[in-house]
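The values are calculated or read from the model by the stated rules, or taken from the named source; none is laboratory data. Keep in mind that this is a model prediction, so the values were computed, not measured. Glycine gets a Cβ as well: all are built from the backbone with ideal geometry, and neighbour counts include every protein chain shown.
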Amino acid sequence: MKGLFKTEEHDFTRGSVAGNILRLAIPMTLAQFINMLYNVIDRMYIGRIPQAGPLALTGVGVAFPIITGVTAFANLYGSGGAPLCSIARGHKEEGKAEEIIGNTFSLLVITGILLTVICLLVKKPVLYAFGASDITFPYADAYTKIYLLGSVFVMISLGMNGFINSQGFAEIGMGTVLVGAVLNIILDPLFIFVFHLGVEGAAIATVLSQFVSAAWVLRFLTGKKTLLKLRIPNLRLRLTMVKEIVGLGLSGFCMSFTNCAVQVVCNITLQAHGGDVYVGVMTIINSVREILTVPVMGFTQGAQPVLGYNFGAGKYQRVKSGIKFMSVTCIVYTTVMWGITLLLPGGFIRLFNGSEAMFSLGIPAMQVYFFGFCFMSLQFSGQSVFTGLGKAKQAIFFSLLRKAVIVIPLTILLPYVGNLGAMGVFLAEPVSNFLGGTACFVTMLCTVWPSLSKACAEP
C-alpha cells in the first residue's frame, strides 16, 4: 500500500489536475516567499532608520542591481548543475552526479571571489553610474562593500541548495532558506537599531544569515543523510562538464541579468527626472512587486511539472485543463491585487517608510505602476506553458521581449512623452505587461492550444 501511495502521489496523470498543481504550488510558493524575505526585510528596517530612512532606502535601491548580478551568477551554475545532477542520478551514474556537484561548487566559489574583488575595485563609479547621488552614495557604498565581502556565502547557499532538492530532500532545502531568513529577521533590528550600525548593520545581518545558510547546505551535502556527497576529488574543474553546466543554466542567467539591467535603467532615468526620492519610491514599489508576484511564480512553477508530465504521457486533455486552471487562478489573483494596490497604496508604502515625501509621491506612482497588473499573469502563465512543455526557447524569448525590448526602451523614452517626467518610468511597467503579456499568452493560445486540441481529437 505504501509503495502504491507513493506511485500515485508522483503520477500526475491520476487524480485532480488542480489538486496536483496545488500540491506542488503551495510548498514552492512558501519557499519563494521565505527566500524573498532577505532583501524585503532589509529594506523595511532600513527605511525606518532615524533621520536617514528615505536616503538610506534609496542608497540600497541603487546597490540592488549588484545584488541581482551576484544572484544571476548563482543561478547560472545552480540552475545548470542541479538538473544535470538529476539526469545523471536517473541514469544511475552516481559518480558523474557527484562530479557535477563538485564542479558546480568550485565554479560558485571561484566566481564569488572574482566578483568580490572586481566589484570592490569598481564599486564607486558603478554605483554612480547606477543612479547614486553624492547624498545617497555613502549609504549605497556602505551596504555594497559589506554585502560583497559575503558574496561567496550567497553564491554557495543559493547555488548549492538545488542539489538538496534534486535528491528529494525538499524539507531540508526549505530549511536552508528558512534558517537564513529567520536569522536575518532577528539580526536586522539588533544591528541596525540596538548597535546603531544603520545600513552597515543590515548588510552584516544579511551576510551572517547567508553564511549560516551556506554552512547548512555544506553540512548536509558532506553529511551522512545525503545520497550524493560533495567530495574534495570532484572539485577539480572539467572543461566538458563546465560547458554543460553553463549551457543549461544560461537561460536563467539571462533572465536574472535582464532584471539587473532593468533596475539600472530605472534608477538612472529616475535620478535624471526625479532625483533621490523617486529612486527610493521605486525601491519600495519593487519590494511590493516582489511580494505580490510570489504566489504567481509559485503557482505557475508548481504547474510546470504537472503540465509536462501529462504532456509526456499523452494526456492532452489534462494538459488543457491544467493550463485553464493555472491561467484563470493567476488572472483572478492579480486582478484582486490590482484592486488592492489601487485602493490601498498607502498601506504598502508605510511598510517600508513613513515619510511624507515618500507617501505623497509613492501613491500615484504605485497606482500607475500596478495598473493592469492582471496582464502580468498572462506573461507568467504563457511562459510556464512553454517551459513545462519543453519549449524553453519561446519562454526565454518572451521574457527578453518584455524586459529588454519593451521595458528598457519605454523607461528611457516615456519620460519625454507629454512631459510625463519621472512618472513615465512607472508607466513603462503596465505598458510592457500589456504588450508583452498579451503577446506571450496569445502566441501560446495560437500555437500550443491548437496542437493540444488536435492531439485530443486523434484516436
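Put simply, of A205, A214 the only residue that is under 27 Å from F137 (Cβ atoms) and in a helix (DSSP H, G or I) is A205. Mind listing whichever residues of the range 407-427 are assigned to a helix (DSSP H, G or I) and touching a residue at least 24 places away in the same chain (Cβ under 8 Å)? Once the filter is applied, which keeps residues that are assigned to a helix (DSSP H, G or I) and touching a residue at least 24 places away in the same chain (Cβ under 8 Å), the range 407-427 yields V407, I408, T411, I412, P415, M423, G424, V425, F426, L427.
Would you confirm whether any residue within the range 272-291 is in contact with an Asp or Glu (Cβ under 7 Å, 6 or more places away or on another chain) and in a helix (DSSP H, G or I)? Checked the range 272-291: no residue is in contact with an Asp or Glu (Cβ under 7 Å, 6 or more places away or on another chain) and in a helix (DSSP H, G or I).
Give the range 130-152 a look and list any residue that's within 17 Å of F211 (Cβ to Cβ) and of a type in the set (V, I, T), or say none. Matches in the range 130-152: I146, V152.
Of all residues assigned to the range 238-254, at least one qualifies as being within 24 Å of P27 (Cβ to Cβ) and buried (at least 23 other Cβ atoms within 10 Å of the Cβ). For the range 376-392, the criterion of being in contact with a Leu (Cβ under 8 Å, 6 or more places away or on another chain), assigned to a helix (DSSP H, G or I) and farther than 23 Å from C260 by Cβ is satisfied by at least one residue.
If you filter the range 150-181 down to residues that are of a type in the set (V, I, T) and modelled with pLDDT of 90 or more, you find that the one that is surrounded by the most Cβ atoms within 10 Å (Cβ to Cβ) is V154. Of the residues that make up the range 309-328, is at least one touching a helix residue (DSSP H, G or I) at 6+ places or on another chain (Cβ under 8 Å), modelled with pLDDT under 85, under 30 Å from P65 (Cα atoms) and in the same structural domain as V442 (by TED's automatic domain parsing)? No, the conditions are met nowhere in the range 309-328.
Within the range 182-204, the set of residues being surrounded by 20 or more Cβ atoms within 10 Å (Cβ to Cβ) and within 19 Å of F33 (Cβ to Cβ) comprises N184, D188.
Residue pairs, Cβ under 7 Å, 6 or more apart or interchain, first in the range 244-266 and acidic (D, E), second crowded, with 20+ Cβ neighbours inside 10 Å and assigned to a helix (DSSP H, G or I). List them. Partner pairs satisfying both residue conditions: E244/L84. Counting only helices (runs of 4 or more DSSP H) that sit completely within the range 45-149, those holding 2 or more residues that are in contact (Cβ under 8 Å) with a residue 40 or more places away in the chain, among the small types (G, A, S) and surrounded by fewer than 23 Cβ atoms within 10 Å (Cβ to Cβ) correspond to 53-90, 94-129. Hey, can you tell me all the residues within the range 208-228 that are surrounded by fewer than 17 Cβ atoms within 10 Å (Cβ to Cβ) and either in contact (Cβ under 8 Å) with a residue 60 or more places away in the chain or small (G, A, S) (or both)? Of everything in the range 208-228, those that are surrounded by fewer than 17 Cβ atoms within 10 Å (Cβ to Cβ) and either in contact (Cβ under 8 Å) with a residue 60 or more places away in the chain or small (G, A, S) (or both) turn out to be A215, L218, G223, L227.
When V328, V288 are checked against the criterion of being crowded, with 20+ Cβ neighbours inside 10 Å and aliphatic (A, V, I, L, M), a single residue qualifies: V288. Yes or no: T341 assigned to a helix (DSSP H, G or I), among the hydroxyl-bearing types (S, T, Y) and surrounded by fewer than 17 Cβ atoms within 10 Å (Cβ to Cβ)? So T341 fails the test.
Here is a check on your reading of the model: is I396 assigned to a helix (DSSP H, G or I) and either touching a Lys or Arg at 6+ places or on another chain (Cβ under 6 Å) or over 30 Å from K315 (Cβ atoms) (or both)? No, not satisfied.
Filtered by the rule that a residue be of a type outside the set (A, V, I, L, M, F, W, C) and in contact (Cβ under 8 Å) with a residue 40 or more places away in the chain, the range 314-333 gives G314, K315, Y316, Q317, R318, K320, S321, G322, S327, Y333.
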